[in-house]
1. Residue by residue through the stretch 343-350, which ³J(HN,Hα) values in whole Hz follow from phi under the Karplus form 6.51 cos²θ - 1.76 cosθ + 1.60 (θ = phi - 60°), with glycine and proline marked x?
2. How many nm is it between the label spots at His57 and Lys431, if each spot is 7 Å from the Cα in line with the beta carbon?
3. Step through the table entries Lys305/Lys367; Lys38/Lys329; Lys38/Lys132, compare each Cα-Cα distance with 23 Å, and write down the pairs that go over it.
4. Place a point 7 Å from Cα of Arg457 in the direction of its Cβ. Which residues in the stretch 415-450 have their backbone N less than 20 Å from it?
5. Order Lys224, Lys305, most accessible first, counting only protein heavy atoms with a 1.4 angstrom probe.
6. State the Cα centre-to-centre distance between the stretch 243-284 and the stretch 312-374 in whole Å.
7. Under a 1.4 Å probe, what is the accessible area of the chain per residue, stated in Å²?
8. Rank Lys137, Lys321 by accessible area, highest first, at a 1.4 Å probe radius?
Amino acid sequence: MGDGTSETKSSNQMWGGRFAQGPAAIMEEINASIGFDKKLFAQDIRGSIAHATMLAHQGIISADDKDKIVHGLDTILSEIESGQFEFSRRLEDIHMNIEARLATLIGPAAGRLHTARSRNDQVALDFRLWVKEELQKCEGMLTSLIAAFLDRAEEHAETVMPGFTHLQTAQPVTFGHHCMAYVEMFGRDRARVRHAIEHMDESPIGAAALAGTGFPIDRHMTAKALGFREPTRNSIDTVSDRDFALEFLSIASICAVHLSRLAEEIVIWSTPQFGFVRLSDAFSTGSSIMPQKKNPDAAELVRAKTGRINGSLIALLTVMKGLPLAYSKDMQEDKEQVFDSAESLELAIAAMTGMVRDITIRADRMKAAAGSGYSTATDLADWLVREAGLPFRDAHHVTGRAVALAEQKACELAELSLADLQAIHPDITDKVFGVLTVEASVASRTSFGGTAPSEVRKQIAWWRTRN
């Protein structure tokens, strides 16, 4: 980019004649954003090409200048992608770095590119394009994660496991049904992503600093060229809006919480005490001192990244909460949080998709645990309501006495004798034993959205059509 003197001169010229000297070192340090916003180079160049093309179409700049600008921007894109571009902190940000290089490449024509725009609407465009592309990437990754769960759910539609509330055994369910719970969760995440894309699908370029411009620009043309549905409708809101970034971070935070809950279950299930699953070597590590250990590090790191992503949401909410309209320099602090969260979320989704596909399900251990803790007690109470005509509260009391007797005898409900049960309530018959097994319990839960294998397969089929 040349020596320091030429950079300082270039920087001062960018600022304008009022600033006779370069900024102090501290001001330069706090003001520069090139260290992180260079990530926006492709979006910045894409937006500038669309803007220059529109300016020429409207007769605001000449076709020759437009051609020079486009050729120069294409050259800069190649330089950055090949690692040959030298970024300068003295030029503050990605916009000024690119504009300065463009001036070196094509001369005075470069100065015409910034006609009818400001860095305010330029950065709003670049950032919005980047977030939109990131959301589209997340949509695809969530679709892959949902597909992984659908495959495991289909494979284990009849695999019995304990269902929990308060992390205590509650009722038997199927592992397929449990997988489908995560399909619903990540399906909501994907729906939020799609809604966010719809909300932000407006082009900011042309709002200029905050008031629009007197040049006869065509904002609908640039919006279409950049893949937006339409231009934004208020120039003040356009340059001060970061809702799209907040919405991305909110979506990321909710999705990270879902990933963290799944990670927690994998951590618990992989312990010897549970033994429901066995992790693949690809997503676990050993211990430096204990040779028998197989640690679920990937799941634990996914769980940890939730705090990082949630923190980014709070940080940007706090930055934005007291800003008057329109643009304030505080908003420069918006990007690092989004960039970091996007990277963390992508990694977490990818890791979890891999774990879901690679994990070994230990159906025998799940089945053995499914009957523990008197998990079919509710089935006994329901049977007393259906077959003996008891009010549910009375049936609940009778079942509680049966559980107490089973605890006293150190056996399962299904292991109590008919005489034992009839001593508690005389209307109990031997037909009750048909509902006290875990298989019979899950098969009976045929209500819409229930855990019966037949119902699980219906839900899988429904999701297959929407994946």
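1. 4, 5, 5, 4, 5, 5, 5, 4
2. The answer from the label model is 7.5 nm.
3. On the way: Lys305/Lys367 32 Å; Lys38/Lys329 17 Å; Lys38/Lys132 17 Å.
Cα-Cα > 23 Å for Lys305/Lys367; rest within.
4. 438-450
5. So, going from the largest accessible area down, we get Lys224, Lys305.
6. Using only Cα atoms to place each centre, the spacing works out to 9 Å.
7. Details: 21880 Å² over 467 residues.
Counting only protein heavy atoms, the per-residue value for the chain is 47 Å².
8. Working: Lys137 100, Lys321 165 Å².
Largest accessible area first, the residues go Lys321, Lys137.
The values are calculated or read from the model by the stated rules, or taken from the named source; none is laboratory data. Not measured: the values here are computed from a predicted model. Quick reminder, even Gly has a Cβ in these numbers, built from the backbone with ideal geometry, and neighbours come from all protein chains shown. Please note that ligands, DNA and RNA were not included when accessible areas were found on the heavy atoms of the full protein model with its side chains. Shrake-Rupley method; radii C 1.70, N 1.55, O 1.52, S 1.80 Å.
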